[in-house]
1. Applying a 10 Å radius around every beta-carbon, put 158-168, 181-191, 50-60 in order of their mean neighbour count, most first.
2. Between residue 224 and residue 18, what's the calculated FRET efficiency when r is the beta-carbon distance and R0 is 35 Å? Round to 0.05.
3. Anyone know which of 193, 180, 19 comes out most mobile in the 10 Å Cα GNM of the chain?
4. Compute the length gained on full extension between residue 109 and residue 55: take 0.36 nm times their separation in residues and subtract their Cα-Cα distance, giving the result in nm to one decimal.
5. Ignoring everything but the protein chains, give the 1.4 Å probe accessible area of residue 21 in square angstrom, nearest 10.
6. How would the range 29-93 be classified by its alpha-carbon gyration tensor: rounded, prolate or oblate, with rounded meaning a/c under 1.5 and the a/b versus b/c comparison settling the rest?
7. Among (1) -0.67, -0.79, -1.08, -1.41; (2) -0.76, -0.89, -1.18, -1.43; (3) -0.74, -0.84, -1.06, -1.27, only one was calculated for this model; which label is it, if the read-out is log10 I(q)/I(0) by the Debye sum over Cα atoms at q = 0.12, 0.13, 0.15, 0.17 Å⁻¹?
8. Towards the positive end of the charge dipole of the range 48-101, with charges on Cβ (+1 Lys, Arg; -1 Asp, Glu), say which of 97, 85, 59 has the farthest Cα.
Amino acid sequence: MFWFRKSKPARQGDVKGIVNLTSGYNVRELGGYDTPYGRTRNHRYLRSGGILGLSRQDAEYLRSSYGVRRVLDLRGELEVGGGDGILPTLPGVEYKNVQLYDFDLSDPKLDRPDNAGGYLASNYFTMLANRDAICEIFDYFATAPADCCVLFHCAAGMDRTGVTAMLLLGLCDVARDVVVADYAYSFGYLGEVNAAIFAGAGDARHKVRQDLADRITAISTVYDRLIDTYGSVRSYLTDAGVSKAQLEAARRHLLG
């Protein structure tokens with residue numbers, strides 16, 4: 001089950017955070033979200049589905065016009081074997097692969113046998129238990145040049161990418177329901193996600209598609225348990241081994 005706040009939708013109207021590419025899939029900004037320190041900045045982090053099929057024109061646009069200078073690939077070994085397309089081969093673009101999902105890992109502090117959030121939440125707990133990968137990811141974020149846009153992706157830009165985006169936004173103290181919405185925008189239209197998360201009491205909560213509701217429940221379970229267990233995203237990342245300097249650099253890159 002998930003709960004609601006009577007707060008302003010994270011995305012609304014024409015402010016969708018979507019980067020329109022003819023060949024891209026689920027390419028979205030982490031900029032434009034309110035925090036206690038101001039809004040997160042555009043052209044700093046992009047979350048994306050797989051980029052293998054990007055056209056040269058779209059890849060050039062991301063590099064030249066959007067400022068993408070780093071690509072972080074969160075996919076596994078077999079997936080990476082197929083390559084990552086044109087973008088990482090362009091001049092001035094760095095590429096790094098960090099395999100976030102490992103079936104042999106489990107954090108007993110987070111992944112408990114109550115099955116809350118279902119198999120999706122359990123998978124996300126496994127990702128969060130991969131502390132070596134988390135440290136590599138945030139080192140890559142922390143060392144990005146000030147004018148660099150970092151594009152991070154997995155296969156569909158939903159699960160591994162969604163967990164990574166959750167950590168970045170949580171590090172910047174983006175509101176809990178907004179973090180959940182950012183994840184959920186991969187699984188529903190803007191209006192239905194906003195209705196599901198931001199509508200508050202009333203009939204709207206009863207009309208949420210079951211698959212979308214399951215997704216919202218899963219990420220809500222993961223986020224809430226992480227906060228309940230560690231106190232904050234920052235404390236979780238510190239416990240995972242990310243240094244304070246790295247956390248501040250990754251945070252500053254999104255907040256400016």
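The values are calculated or read from the model by the stated rules, or taken from the named source; none is laboratory data. Keep in mind the model is a prediction, meaning the values are calculated, not measured. Ideal geometry is used to build each Cβ from the backbone, glycine not excepted, and the neighbour counts take in all protein chains shown. Just so you know, the surface numbers come from the protein's heavy atoms only, side chains and all, with ligands and any DNA or RNA stripped out. Shrake-Rupley method; radii C 1.70, N 1.55, O 1.52, S 1.80 Å.
1. Values: 158-168: 24.1, 181-191: 20.0, 50-60: 17.8.
With the highest mean Cβ count within 10 Å placed first, the list reads 158-168, 181-191, 50-60.
2. Working: r = 27 Å, r/R0 = 0.78.
Efficiency, from the Cβ-Cβ distance: 0.80.
3. Of 193, 180, 19, the Gaussian network model singles out 19 as fluctuating most.
4. Details: separation 54, 0.36 × 54 = 19.44 nm, distance 4.31 nm.
Working it through step by step, the gained length comes to 15.1 nm.
5. Roughly 30 Å² of residue 21 is accessible to a 1.4 Å probe.
6. Working: a/c = 2.80, a/b = 1.62, b/c = 1.73.
Note, shape of the range 29-93 comes out oblate.
7. Recomputing log10 I(q)/I(0) by the Debye sum over Cα atoms at q = 0.12, 0.13, 0.15, 0.17 Å⁻¹ here gives the entry labelled (1).
8. Result: 59, furthest along the dipole toward the positive end.
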